[in-house]
Amino acid sequence: MKNIQVTHKMSENNRRKFAERRIKVIYLTSLVSFVTTFLSFILVTIFGNAEVSYFILFSSIVFLTTTILSKNEMAQKARVIFLVMFNLLITFLSSLLGKEASVDFFFIFAIGLPFAFFSFSRELCKIIIFCSLPFLFWLLLYFTKFRPIIDLDIHNSLYISNIVYHISITTTLLLVVFQLIYYSYINARLNQDAHHTKEEAINASDAKSYFLSTMSHEIRTPLNAVIGLSHILGNDNPRKDQVQNIEALNYSGKILLNLLNNVLDFSKMQSSKIDLDEIPTDLSKAIKQIKKIHEASCFQKGITMNLEIDEDIPMVWLDIVRFNQVINNLVSNAIKFTKKGSVTLRIRKINLKDEKVVLLTEIIDTGIGIPEDKQDTIWEAFTQASSTTNRLYGGTGLGLPIVKNIVEAMDSDIHIDSKPNKGSRFYFNIELKIATLEDLRETEYKKEYNFKGKKVLLVEDNQINVMVCKQILEKVKLDVAVAYDGLEAVNMVKENYYDIILMDIQMPVMDGYKASKEIRKFNKYIPILALSASVFMEVKNKIIESGMNGFIFKPFDVDDLLNQIEKFTLNK
(Lines give C-alpha, C1' and ligand atoms only; values in the text may rest on other atoms or scores of the structure.)
Protein backbone atom coordinates (compact mmCIF):
# COMPACT_ATOMS: atom_id res chain seq x y z
CA MET A 1 0.00 0.00 0.00
CA LYS A 2 2.80 2.37 0.95
CA ASN A 3 4.54 1.56 -2.34
CA ILE A 4 1.39 2.57 -4.27
CA GLN A 5 1.11 5.79 -2.25
CA VAL A 6 4.78 6.64 -2.91
CA THR A 7 4.35 6.05 -6.65
CA HIS A 8 1.16 8.14 -6.67
CA LYS A 9 2.89 10.93 -4.75
CA MET A 10 5.82 10.95 -7.20
CA SER A 11 3.37 11.11 -10.09
CA GLU A 12 1.50 14.03 -8.48
CA ASN A 13 4.79 15.88 -7.88
CA ASN A 14 5.83 15.38 -11.51
CA ARG A 15 2.48 16.75 -12.75
CA ARG A 16 2.75 19.75 -10.43
CA LYS A 17 6.32 20.51 -11.54
CA PHE A 18 5.26 20.15 -15.17
CA ALA A 19 2.37 22.61 -14.69
CA GLU A 20 4.61 25.12 -12.92
CA ARG A 21 7.15 24.91 -15.72
CA ARG A 22 4.44 25.46 -18.34
CA ILE A 23 3.10 28.50 -16.46
CA LYS A 24 6.62 29.91 -16.26
CA VAL A 25 7.10 29.50 -20.04
CA ILE A 26 3.80 31.31 -20.75
CA TYR A 27 4.70 34.08 -18.31
CA LEU A 28 8.22 34.67 -19.71
CA THR A 29 7.05 34.53 -23.34
CA SER A 30 4.26 37.03 -22.58
CA LEU A 31 6.66 39.31 -20.70
CA VAL A 32 9.27 39.32 -23.50
CA SER A 33 6.53 39.95 -26.09
CA PHE A 34 5.16 42.84 -24.02
CA VAL A 35 8.58 44.50 -23.67
CA THR A 36 9.37 44.00 -27.38
CA THR A 37 6.04 45.36 -28.65
CA PHE A 38 6.10 48.29 -26.22
CA LEU A 39 9.60 49.32 -27.40
CA SER A 40 8.42 48.89 -30.99
CA PHE A 41 5.44 51.14 -30.21
CA ILE A 42 7.80 53.88 -28.98
CA LEU A 43 10.04 53.61 -32.07
CA VAL A 44 7.12 53.57 -34.52
CA THR A 45 5.50 56.54 -32.77
CA ILE A 46 8.73 58.55 -33.13
CA PHE A 47 9.73 57.46 -36.63
CA GLY A 48 6.66 55.82 -38.14
CA ASN A 49 2.92 56.05 -38.59
CA ALA A 50 0.33 56.71 -35.88
CA GLU A 51 -2.14 54.06 -37.15
CA VAL A 52 0.54 51.36 -36.99
CA SER A 53 1.63 52.49 -33.54
CA TYR A 54 -1.94 52.16 -32.25
CA PHE A 55 -2.14 48.50 -33.31
CA ILE A 56 1.29 47.74 -31.82
CA LEU A 57 0.22 49.49 -28.59
CA PHE A 58 -2.94 47.39 -28.53
CA SER A 59 -0.79 44.24 -28.96
CA SER A 60 1.48 45.41 -26.17
CA ILE A 61 -1.51 45.85 -23.81
CA VAL A 62 -2.78 42.36 -24.72
CA PHE A 63 0.65 40.82 -24.00
CA LEU A 64 0.78 42.71 -20.69
CA THR A 65 -2.62 41.22 -19.85
CA THR A 66 -1.46 37.66 -20.61
CA THR A 67 1.64 38.31 -18.45
CA ILE A 68 -0.56 39.33 -15.51
CA LEU A 69 -2.97 36.41 -16.07
CA SER A 70 -0.17 33.82 -16.13
CA LYS A 71 1.44 35.41 -13.07
CA ASN A 72 -1.88 35.00 -11.22
CA GLU A 73 -2.17 31.31 -12.19
CA MET A 74 -4.70 31.94 -14.97
CA ALA A 75 -2.45 30.43 -17.64
CA GLN A 76 -5.36 28.58 -19.30
CA LYS A 77 -6.81 31.89 -20.56
CA ALA A 78 -3.44 33.60 -20.97
CA ARG A 79 -2.01 31.09 -23.47
CA VAL A 80 -5.08 31.15 -25.73
CA ILE A 81 -5.21 34.98 -25.80
CA PHE A 82 -1.45 35.18 -26.40
CA LEU A 83 -1.40 32.73 -29.32
CA VAL A 84 -4.32 34.42 -31.08
CA MET A 85 -2.83 37.90 -30.59
CA PHE A 86 0.67 36.79 -31.62
CA ASN A 87 -0.60 35.34 -34.91
CA LEU A 88 -2.77 38.44 -35.57
CA LEU A 89 0.26 40.70 -35.02
CA ILE A 90 2.39 38.70 -37.49
CA THR A 91 -0.45 38.78 -40.05
CA PHE A 92 -0.94 42.53 -39.61
CA LEU A 93 2.75 43.39 -40.00
CA SER A 94 3.16 40.99 -42.96
CA SER A 95 0.24 42.53 -44.81
CA LEU A 96 1.44 46.04 -43.97
CA LEU A 97 5.09 45.60 -45.01
CA GLY A 98 4.45 43.19 -47.91
CA LYS A 99 5.80 39.81 -48.88
CA GLU A 100 9.35 41.05 -49.44
CA ALA A 101 9.72 41.94 -45.74
CA SER A 102 9.46 38.22 -44.85
CA VAL A 103 7.75 39.01 -41.53
CA ASP A 104 5.59 35.93 -42.16
CA PHE A 105 8.68 33.86 -41.29
CA PHE A 106 7.70 34.47 -37.65
CA PHE A 107 4.91 31.94 -38.25
CA ILE A 108 7.63 29.24 -38.07
CA PHE A 109 8.28 30.28 -34.47
CA ALA A 110 4.52 30.51 -33.81
CA ILE A 111 4.01 26.90 -34.97
CA GLY A 112 6.31 25.65 -32.19
CA LEU A 113 4.76 27.66 -29.34
CA PRO A 114 1.74 25.37 -28.71
CA PHE A 115 4.14 22.51 -27.89
CA ALA A 116 5.49 24.61 -25.00
CA PHE A 117 2.08 25.93 -23.93
CA PHE A 118 0.03 22.70 -23.93
CA SER A 119 0.44 19.13 -22.66
CA PHE A 120 1.07 16.73 -25.54
CA SER A 121 -0.56 13.82 -23.67
CA ARG A 122 -3.67 15.63 -22.39
CA GLU A 123 -4.19 18.55 -24.81
CA LEU A 124 -3.19 17.17 -28.20
CA CYS A 125 -6.34 18.61 -29.80
CA LYS A 126 -5.39 22.15 -28.70
CA ILE A 127 -1.84 21.68 -30.01
CA ILE A 128 -3.21 20.70 -33.42
CA ILE A 129 -5.59 23.69 -33.49
CA PHE A 130 -3.00 26.31 -32.52
CA CYS A 131 -0.30 24.78 -34.74
CA SER A 132 -2.77 25.05 -37.65
CA LEU A 133 -3.59 28.70 -36.84
CA PRO A 134 -0.30 30.19 -38.21
CA PHE A 135 -0.68 28.11 -41.36
CA LEU A 136 -4.25 29.36 -41.89
CA PHE A 137 -3.18 33.01 -41.44
CA TRP A 138 -0.33 32.48 -43.90
CA LEU A 139 -2.80 31.03 -46.44
CA LEU A 140 -4.94 34.14 -45.93
CA LEU A 141 -1.93 36.34 -46.70
CA TYR A 142 -0.95 34.22 -49.68
CA PHE A 143 -4.36 34.24 -51.36
CA THR A 144 -4.84 37.97 -50.70
CA LYS A 145 -1.31 38.58 -52.12
CA PHE A 146 -0.23 40.23 -48.85
CA ARG A 147 -2.73 43.02 -49.40
CA PRO A 148 -2.32 45.55 -46.55
CA ILE A 149 -5.04 45.67 -43.91
CA ILE A 150 -4.37 49.41 -43.57
CA ASP A 151 -3.55 51.14 -46.81
CA LEU A 152 -0.45 53.14 -45.86
CA ASP A 153 2.28 54.36 -48.14
CA ILE A 154 5.26 52.83 -46.34
CA HIS A 155 6.30 50.32 -49.00
CA ASN A 156 9.81 51.65 -49.40
CA SER A 157 11.40 48.64 -51.08
CA LEU A 158 14.95 49.74 -50.27
CA TYR A 159 14.07 50.23 -46.58
CA ILE A 160 12.30 46.88 -46.45
CA SER A 161 14.93 44.86 -48.33
CA ASN A 162 17.93 46.35 -46.52
CA ILE A 163 16.58 46.64 -42.96
CA VAL A 164 13.25 44.95 -42.23
CA TYR A 165 14.02 41.81 -44.27
CA HIS A 166 17.31 41.18 -42.48
CA ILE A 167 15.76 41.91 -39.09
CA SER A 168 12.89 39.48 -39.79
CA ILE A 169 15.12 36.67 -41.02
CA THR A 170 17.72 37.08 -38.26
CA THR A 171 15.12 37.34 -35.49
CA THR A 172 13.21 34.30 -36.78
CA LEU A 173 16.37 32.20 -36.93
CA LEU A 174 17.36 33.22 -33.40
CA LEU A 175 13.88 32.44 -32.07
CA VAL A 176 13.73 29.03 -33.78
CA VAL A 177 17.26 28.13 -32.58
CA PHE A 178 16.24 29.18 -29.06
CA GLN A 179 13.13 26.99 -29.36
CA LEU A 180 15.17 23.95 -30.42
CA ILE A 181 17.71 24.46 -27.63
CA TYR A 182 14.96 24.97 -25.06
CA TYR A 183 13.00 21.87 -26.14
CA SER A 184 16.20 19.81 -26.11
CA TYR A 185 16.95 21.03 -22.60
CA ILE A 186 13.42 20.24 -21.41
CA ASN A 187 13.57 16.80 -23.03
CA ALA A 188 16.88 16.05 -21.31
CA ARG A 189 15.44 17.16 -17.95
CA LEU A 190 12.34 15.02 -18.45
CA ASN A 191 14.48 11.99 -19.32
CA GLN A 192 16.59 12.61 -16.22
CA ASP A 193 13.47 12.93 -14.05
CA ALA A 194 12.02 9.77 -15.61
CA HIS A 195 15.27 7.92 -14.90
CA HIS A 196 15.24 9.08 -11.27
CA THR A 197 11.56 8.14 -10.92
CA LYS A 198 12.30 4.71 -12.38
CA GLU A 199 15.20 4.23 -9.94
CA GLU A 200 12.97 5.24 -7.01
CA ALA A 201 10.24 2.85 -8.17
CA ILE A 202 12.77 0.00 -8.50
CA ASN A 203 14.15 0.73 -5.02
CA ALA A 204 10.63 0.83 -3.58
CA SER A 205 9.79 -2.47 -5.30
CA ASP A 206 13.01 -4.08 -4.00
CA ALA A 207 12.22 -2.84 -0.48
CA LYS A 208 8.72 -4.29 -0.73
CA SER A 209 10.03 -7.65 -1.96
CA TYR A 210 12.64 -7.76 0.83
CA PHE A 211 10.01 -6.90 3.44
CA LEU A 212 7.54 -9.52 2.16
CA SER A 213 10.28 -12.13 1.88
CA THR A 214 11.42 -11.47 5.47
CA MET A 215 7.88 -11.45 6.85
CA SER A 216 7.08 -14.61 4.88
CA HIS A 217 10.06 -16.38 6.47
CA GLU A 218 9.31 -15.14 9.99
CA ILE A 219 5.64 -16.17 9.85
CA ARG A 220 6.06 -19.43 7.94
CA THR A 221 8.75 -20.72 10.29
CA PRO A 222 6.45 -21.13 13.35
CA LEU A 223 3.58 -22.07 11.02
CA ASN A 224 5.74 -24.93 9.77
CA ALA A 225 5.79 -26.25 13.34
CA VAL A 226 1.99 -26.00 13.70
CA ILE A 227 1.28 -27.92 10.49
CA GLY A 228 4.12 -30.39 11.08
CA LEU A 229 3.10 -31.21 14.66
CA SER A 230 -0.55 -31.67 13.66
CA HIS A 231 0.63 -34.13 10.98
CA ILE A 232 2.71 -36.02 13.56
CA LEU A 233 -0.23 -36.17 15.99
CA GLY A 234 -2.52 -37.41 13.24
CA ASN A 235 -0.15 -40.27 12.42
CA ASP A 236 0.51 -41.17 16.06
CA ASN A 237 -2.61 -43.33 16.59
CA PRO A 238 -4.78 -40.62 18.20
CA ARG A 239 -7.97 -41.50 20.07
CA LYS A 240 -11.17 -41.29 18.05
CA ASP A 241 -12.31 -38.23 20.02
CA GLN A 242 -9.03 -36.49 19.09
CA VAL A 243 -9.10 -37.15 15.33
CA GLN A 244 -11.49 -34.30 14.48
CA ASN A 245 -9.58 -31.83 16.66
CA ILE A 246 -6.26 -32.76 15.06
CA GLU A 247 -7.77 -32.51 11.58
CA ALA A 248 -9.23 -29.09 12.47
CA LEU A 249 -5.83 -27.98 13.83
CA ASN A 250 -4.07 -29.07 10.64
CA TYR A 251 -6.72 -27.47 8.46
CA SER A 252 -6.57 -24.23 10.51
CA GLY A 253 -2.82 -24.10 9.97
CA LYS A 254 -3.38 -24.42 6.24
CA ILE A 255 -6.06 -21.71 6.34
CA LEU A 256 -3.62 -19.42 8.16
CA LEU A 257 -1.07 -20.22 5.48
CA ASN A 258 -3.62 -19.25 2.82
CA LEU A 259 -4.24 -15.94 4.58
CA LEU A 260 -0.50 -15.27 4.55
CA ASN A 261 -0.43 -16.21 0.88
CA ASN A 262 -3.10 -13.57 0.16
CA VAL A 263 -0.56 -10.80 0.54
CA LEU A 264 2.11 -12.65 -1.44
CA ASP A 265 -0.37 -13.81 -4.07
CA PHE A 266 -1.47 -10.25 -4.80
CA SER A 267 2.05 -9.32 -5.92
CA LYS A 268 2.39 -12.46 -8.04
CA MET A 269 -1.08 -12.13 -9.59
CA GLN A 270 -0.27 -8.64 -10.88
CA SER A 271 2.72 -9.86 -12.89
CA SER A 272 1.90 -13.42 -13.92
CA LYS A 273 -0.93 -15.81 -14.63
CA ILE A 274 -2.21 -18.07 -11.85
CA ASP A 275 -1.24 -21.71 -12.37
CA LEU A 276 -3.93 -24.14 -11.20
CA ASP A 277 -2.96 -27.51 -9.72
CA GLU A 278 -6.03 -29.67 -10.29
CA ILE A 279 -6.40 -32.96 -8.41
CA PRO A 280 -9.30 -35.43 -8.02
CA THR A 281 -11.47 -33.98 -5.25
CA ASP A 282 -14.45 -35.13 -3.20
CA LEU A 283 -16.00 -31.67 -2.90
CA SER A 284 -18.56 -32.62 -0.23
CA LYS A 285 -15.83 -33.84 2.10
CA ALA A 286 -13.60 -30.79 1.50
CA ILE A 287 -16.41 -28.27 2.04
CA LYS A 288 -17.47 -29.81 5.35
CA GLN A 289 -14.05 -28.94 6.74
CA ILE A 290 -14.65 -25.29 5.84
CA LYS A 291 -17.90 -25.26 7.84
CA LYS A 292 -16.09 -26.79 10.82
CA ILE A 293 -13.45 -24.02 10.71
CA HIS A 294 -15.92 -21.11 10.61
CA GLU A 295 -18.63 -22.43 12.96
CA ALA A 296 -16.78 -21.15 16.04
CA SER A 297 -16.70 -17.56 14.70
CA CYS A 298 -20.41 -17.75 13.87
CA PHE A 299 -21.20 -19.11 17.34
CA GLN A 300 -19.35 -16.23 19.01
CA LYS A 301 -21.37 -13.67 17.02
CA GLY A 302 -24.67 -15.48 17.54
CA ILE A 303 -25.27 -16.16 13.86
CA THR A 304 -25.95 -19.41 12.02
CA MET A 305 -23.57 -21.11 9.60
CA ASN A 306 -25.47 -23.08 6.94
CA LEU A 307 -23.95 -25.54 4.47
CA GLU A 308 -26.09 -26.65 1.55
CA ILE A 309 -24.41 -28.92 -1.00
CA ASP A 310 -26.07 -31.28 -3.46
CA GLU A 311 -25.54 -34.90 -2.45
CA ASP A 312 -25.12 -36.13 -6.03
CA ILE A 313 -22.16 -33.91 -7.01
CA PRO A 314 -19.58 -36.26 -8.55
CA MET A 315 -15.87 -36.19 -7.81
CA VAL A 316 -14.16 -33.54 -9.90
CA TRP A 317 -10.73 -32.36 -11.01
CA LEU A 318 -10.21 -29.15 -9.03
CA ASP A 319 -7.44 -27.01 -7.54
CA ILE A 320 -8.92 -27.47 -4.09
CA VAL A 321 -6.35 -25.17 -2.42
CA ARG A 322 -7.30 -22.23 -4.65
CA PHE A 323 -11.01 -23.08 -4.44
CA ASN A 324 -10.79 -23.17 -0.64
CA GLN A 325 -8.96 -19.84 -0.76
CA VAL A 326 -11.92 -18.33 -2.64
CA ILE A 327 -14.52 -19.88 -0.31
CA ASN A 328 -12.65 -18.95 2.86
CA ASN A 329 -12.19 -15.33 1.78
CA LEU A 330 -15.88 -14.99 0.88
CA VAL A 331 -17.16 -16.81 4.00
CA SER A 332 -14.81 -14.84 6.29
CA ASN A 333 -16.06 -11.59 4.74
CA ALA A 334 -19.68 -12.67 5.14
CA ILE A 335 -19.17 -13.51 8.83
CA LYS A 336 -17.25 -10.28 9.45
CA PHE A 337 -20.03 -8.08 8.04
CA THR A 338 -22.99 -10.01 9.53
CA LYS A 339 -24.19 -9.09 13.02
CA LYS A 340 -27.36 -11.19 13.09
CA GLY A 341 -29.02 -13.81 10.95
CA SER A 342 -26.98 -16.34 9.01
CA VAL A 343 -24.21 -17.06 6.55
CA THR A 344 -24.95 -19.72 3.95
CA LEU A 345 -22.51 -21.60 1.71
CA ARG A 346 -24.44 -23.29 -1.08
CA ILE A 347 -23.03 -25.45 -3.90
CA ARG A 348 -25.46 -26.80 -6.48
CA LYS A 349 -25.10 -28.90 -9.60
CA ILE A 350 -26.81 -27.06 -12.46
CA ASN A 351 -25.61 -29.03 -15.49
CA LEU A 352 -24.01 -32.41 -16.20
CA LYS A 353 -22.88 -33.49 -19.67
CA ASP A 354 -19.93 -34.86 -21.63
CA GLU A 355 -17.98 -35.88 -18.52
CA LYS A 356 -18.17 -32.32 -17.19
CA VAL A 357 -20.27 -30.76 -14.47
CA VAL A 358 -21.21 -27.09 -13.96
CA LEU A 359 -21.43 -26.03 -10.31
CA LEU A 360 -23.05 -22.88 -8.93
CA THR A 361 -21.31 -21.68 -5.77
CA GLU A 362 -23.08 -19.09 -3.61
CA ILE A 363 -22.13 -17.35 -0.37
CA ILE A 364 -25.17 -15.58 1.09
CA ASP A 365 -25.31 -13.44 4.22
CA THR A 366 -27.77 -11.20 6.04
CA GLY A 367 -25.18 -8.55 6.83
CA ILE A 368 -24.72 -4.84 6.17
CA GLY A 369 -24.76 -5.17 2.37
CA ILE A 370 -22.94 -3.08 -0.21
CA PRO A 371 -24.35 0.06 -1.93
CA GLU A 372 -24.81 -0.32 -5.69
CA ASP A 373 -22.35 2.50 -6.49
CA LYS A 374 -19.62 0.68 -4.51
CA GLN A 375 -20.11 -2.79 -5.98
CA ASP A 376 -17.53 -2.23 -8.73
CA THR A 377 -14.82 -0.70 -6.51
CA ILE A 378 -14.69 -3.56 -3.97
CA TRP A 379 -12.75 -5.65 -6.51
CA GLU A 380 -9.89 -3.13 -6.54
CA ALA A 381 -6.85 -3.74 -4.35
CA PHE A 382 -6.74 -1.99 -0.94
CA THR A 383 -10.30 -0.70 -1.53
CA GLN A 384 -13.30 -1.25 0.72
CA ALA A 385 -16.94 -0.22 0.42
CA SER A 386 -16.57 2.85 2.66
CA SER A 387 -13.93 4.78 4.58
CA THR A 388 -15.31 3.44 7.87
CA THR A 389 -15.20 -0.23 6.84
CA ASN A 390 -11.53 -0.72 7.68
CA ARG A 391 -11.88 1.17 10.97
CA LEU A 392 -14.91 -0.84 12.12
CA TYR A 393 -14.22 -4.27 10.67
CA GLY A 394 -10.49 -4.35 9.78
CA GLY A 395 -9.03 -6.08 6.77
CA THR A 396 -6.48 -5.28 4.06
CA GLY A 397 -8.82 -4.97 1.09
CA LEU A 398 -6.93 -7.75 -0.71
CA GLY A 399 -9.34 -10.66 -0.22
CA LEU A 400 -11.87 -9.84 -2.94
CA PRO A 401 -9.31 -8.87 -5.64
CA ILE A 402 -7.61 -12.24 -5.07
CA VAL A 403 -10.99 -14.03 -5.22
CA LYS A 404 -11.71 -12.32 -8.54
CA ASN A 405 -8.31 -13.29 -9.97
CA ILE A 406 -8.65 -16.94 -8.94
CA VAL A 407 -12.22 -17.28 -10.26
CA GLU A 408 -11.14 -15.73 -13.57
CA ALA A 409 -8.24 -18.22 -13.72
CA MET A 410 -10.92 -20.93 -13.47
CA ASP A 411 -12.54 -19.46 -16.64
CA SER A 412 -15.43 -17.90 -14.78
CA ASP A 413 -16.63 -14.57 -13.39
CA ILE A 414 -17.81 -13.71 -9.91
CA HIS A 415 -21.02 -11.70 -9.45
CA ILE A 416 -22.70 -9.90 -6.59
CA ASP A 417 -26.29 -9.10 -5.59
CA SER A 418 -26.45 -6.82 -2.59
CA LYS A 419 -28.62 -4.21 -0.89
CA PRO A 420 -27.64 -2.07 2.13
CA ASN A 421 -28.87 -3.58 5.42
CA LYS A 422 -30.35 -6.55 3.54
CA GLY A 423 -27.25 -8.68 2.94
CA SER A 424 -25.12 -9.86 0.02
CA ARG A 425 -24.92 -12.80 -2.34
CA PHE A 426 -21.64 -13.62 -4.08
CA TYR A 427 -21.91 -16.32 -6.73
CA PHE A 428 -20.05 -17.89 -9.65
CA ASN A 429 -20.32 -20.89 -11.99
CA ILE A 430 -17.38 -23.17 -12.71
CA GLU A 431 -17.19 -26.02 -15.20
CA LEU A 432 -15.15 -28.97 -13.93
CA LYS A 433 -14.05 -32.26 -15.43
CA ILE A 434 -15.48 -35.30 -13.63
CA ALA A 435 -12.94 -37.52 -11.85
CA THR A 436 -13.19 -41.29 -11.40
CA LEU A 437 -12.84 -43.38 -8.25
CA GLU A 438 -9.57 -44.68 -9.64
CA ASP A 439 -8.25 -41.11 -9.98
CA LEU A 440 -9.17 -40.43 -6.35
CA ARG A 441 -7.56 -43.65 -5.09
CA GLU A 442 -4.29 -42.75 -6.80
CA THR A 443 -4.13 -39.38 -5.06
CA GLU A 444 -5.23 -40.75 -1.67
CA TYR A 445 -2.77 -43.64 -1.81
CA LYS A 446 -0.35 -43.31 1.08
CA LYS A 447 3.12 -44.19 0.00
CA GLU A 448 5.29 -46.09 2.44
CA TYR A 449 8.82 -44.77 2.89
CA ASN A 450 11.81 -46.59 4.33
CA PHE A 451 15.16 -44.82 4.29
CA LYS A 452 16.96 -47.25 6.60
CA GLY A 453 20.70 -46.68 6.37
CA LYS A 454 20.40 -43.20 4.86
CA LYS A 455 21.92 -40.22 6.67
CA VAL A 456 20.56 -36.68 6.40
CA LEU A 457 22.05 -33.43 7.68
CA LEU A 458 19.34 -31.01 8.78
CA VAL A 459 20.62 -27.41 8.86
CA GLU A 460 18.07 -25.34 10.79
CA ASP A 461 18.38 -22.69 13.52
CA ASN A 462 14.81 -22.91 14.86
CA GLN A 463 14.59 -25.42 17.72
CA ILE A 464 10.89 -26.19 17.22
CA ASN A 465 11.37 -26.83 13.50
CA VAL A 466 14.31 -29.11 14.32
CA MET A 467 12.10 -31.10 16.70
CA VAL A 468 9.28 -31.39 14.11
CA CYS A 469 11.59 -32.30 11.21
CA LYS A 470 13.49 -34.87 13.27
CA GLN A 471 10.30 -36.66 14.26
CA ILE A 472 9.05 -36.75 10.65
CA LEU A 473 12.39 -37.91 9.24
CA GLU A 474 13.18 -40.44 11.95
CA LYS A 475 9.75 -42.02 11.53
CA VAL A 476 10.82 -43.14 8.02
CA LYS A 477 14.11 -44.58 9.38
CA LEU A 478 16.37 -41.66 8.39
CA ASP A 479 19.48 -41.07 10.50
CA VAL A 480 19.27 -37.31 11.28
CA ALA A 481 22.18 -35.07 12.25
CA VAL A 482 21.55 -31.39 13.06
CA ALA A 483 23.58 -28.22 12.40
CA TYR A 484 22.24 -24.93 13.77
CA ASP A 485 24.02 -22.58 11.35
CA GLY A 486 25.76 -22.69 7.97
CA LEU A 487 29.31 -22.67 9.29
CA GLU A 488 28.62 -25.65 11.55
CA ALA A 489 27.10 -27.47 8.56
CA VAL A 490 30.21 -26.88 6.42
CA ASN A 491 32.48 -28.31 9.14
CA MET A 492 30.21 -31.34 9.67
CA VAL A 493 30.15 -32.15 5.93
CA LYS A 494 33.97 -32.02 5.88
CA GLU A 495 34.20 -34.57 8.69
CA ASN A 496 31.21 -36.88 8.00
CA TYR A 497 29.35 -38.58 5.17
CA TYR A 498 25.70 -37.68 4.48
CA ASP A 499 23.35 -38.87 1.75
CA ILE A 500 21.53 -35.53 1.56
CA ILE A 501 21.48 -32.06 3.17
CA LEU A 502 18.32 -30.11 4.06
CA MET A 503 19.52 -26.50 4.17
CA ASP A 504 17.59 -23.59 5.70
CA ILE A 505 18.23 -20.24 3.96
CA GLN A 506 18.14 -17.58 6.69
CA MET A 507 20.44 -18.47 9.59
CA PRO A 508 22.93 -16.70 11.89
CA VAL A 509 26.73 -16.88 11.46
CA MET A 510 26.47 -18.15 7.84
CA ASP A 511 23.32 -18.34 5.74
CA GLY A 512 22.31 -21.24 3.51
CA TYR A 513 23.57 -19.62 0.30
CA LYS A 514 27.13 -19.14 1.56
CA ALA A 515 27.18 -22.53 3.26
CA SER A 516 26.17 -24.27 0.02
CA LYS A 517 28.86 -22.43 -1.95
CA GLU A 518 31.49 -23.45 0.63
CA ILE A 519 30.37 -27.11 0.51
CA ARG A 520 30.48 -27.10 -3.30
CA LYS A 521 34.17 -26.15 -3.13
CA PHE A 522 35.06 -29.59 -1.77
CA ASN A 523 31.96 -31.71 -2.45
CA LYS A 524 30.15 -31.30 -5.76
CA TYR A 525 27.95 -34.41 -5.55
CA ILE A 526 26.03 -34.39 -2.28
CA PRO A 527 22.38 -33.31 -2.91
CA ILE A 528 21.41 -30.08 -1.12
CA LEU A 529 17.73 -29.15 -0.81
CA ALA A 530 16.82 -25.64 0.36
CA LEU A 531 14.16 -25.26 3.03
CA SER A 532 12.80 -21.88 1.99
CA ALA A 533 9.90 -19.85 3.36
CA SER A 534 10.13 -17.40 0.45
CA VAL A 535 8.10 -17.69 -2.74
CA PHE A 536 9.93 -14.97 -4.67
CA MET A 537 11.64 -15.81 -7.95
CA GLU A 538 14.87 -13.99 -7.01
CA VAL A 539 15.22 -16.31 -3.99
CA LYS A 540 14.72 -19.37 -6.21
CA ASN A 541 17.38 -18.06 -8.59
CA LYS A 542 19.85 -17.50 -5.72
CA ILE A 543 19.20 -21.05 -4.50
CA ILE A 544 20.18 -22.47 -7.89
CA GLU A 545 23.18 -20.12 -8.26
CA SER A 546 24.57 -21.18 -4.87
CA GLY A 547 24.80 -24.83 -5.99
CA MET A 548 21.69 -26.32 -4.40
CA ASN A 549 19.77 -29.02 -6.23
CA GLY A 550 16.21 -27.98 -5.36
CA PHE A 551 13.97 -26.35 -2.78
CA ILE A 552 11.05 -27.21 -0.51
CA PHE A 553 8.65 -24.54 0.68
CA LYS A 554 7.96 -23.94 4.35
CA PRO A 555 5.55 -24.95 5.74
CA PHE A 556 6.39 -28.09 3.81
CA ASP A 557 4.07 -30.86 2.74
CA VAL A 558 5.39 -34.06 4.33
CA ASP A 559 4.85 -36.19 1.24
CA ASP A 560 6.58 -33.60 -0.93
CA LEU A 561 9.55 -33.52 1.45
CA LEU A 562 9.90 -37.31 1.54
CA ASN A 563 9.41 -37.62 -2.23
CA GLN A 564 12.21 -35.13 -2.82
CA ILE A 565 14.53 -36.99 -0.43
CA GLU A 566 13.69 -40.28 -2.15
CA LYS A 567 14.32 -38.76 -5.58
CA PHE A 568 17.84 -37.60 -4.68
CA THR A 569 18.88 -40.63 -2.57
CA LEU A 570 17.30 -43.47 -4.55
CA ASN A 571 20.41 -44.42 -6.54
CA LYS A 572 22.96 -43.69 -3.82
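Numerical summary
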| read-out | value |
| --- | --- |
| In the range 416-487, GluC sites (Glu not before Pro) in a DSSP loop with at most 13 other beta-carbon atoms within 10 Å | Glu448 |
| Met74 accessible area, assembled protein chains, probe 1.4 Å, Å² | 80 |
| Ranked order, Tyr142, Tyr427, Tyr525 - accessible area, probe 1.4 Å, largest first | Tyr525, Tyr142, Tyr427 |
| Simple label model, 7 Å out from Cα along Cβ direction - Ile274 to Ala409, nm | 0.5 |
| Net lengthening on full extension, Val177/Lys517 (0.36 nm per residue, minus Cα-Cα) | 116.4 nm |
| Cα→Cβ-extended label distance, 7 Å offset, between Leu28 and Glu308, nm | 7.2 |
| Solvent-accessible surface (1.4 angstrom probe) belonging to Lys477, in square angstrom, nearest 10 | 120 |
| Ranking by accessible area, most exposed first, for Lys374, Lys475 with a 1.4 Å probe | Lys475, Lys374 |
| Spin-label pair Asn421/Ala201, simplified geometry with 7 Å Cα→Cβ offset, distance in nm | 4.5 |
| Thr377 accessible area, 1.4 Å probe, all protein chains in place, Å² to nearest 10 | 40 |
| Theoretical gain in end-to-end length, Leu190 to Leu140 [0.36 nm per residue, Cα-Cα removed] | 14.2 nm |
| Extension gain, Asn496 back to Lys567 (0.36 nm per residue minus Cα-Cα distance, nm) | 23.4 nm |
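The values are calculated or read from the model by the stated rules, or taken from the named source; none is laboratory data. The shown structure was predicted, so the numbers you read here are calculated from the model rather than taken from an experiment. Glycine also receives a Cβ, built like all others from the backbone with ideal geometry; neighbour counts cover every protein chain displayed. With ligands, DNA and RNA removed, areas are computed over all heavy atoms of the protein, side chains included. Shrake-Rupley method; radii C 1.70, N 1.55, O 1.52, S 1.80 Å.
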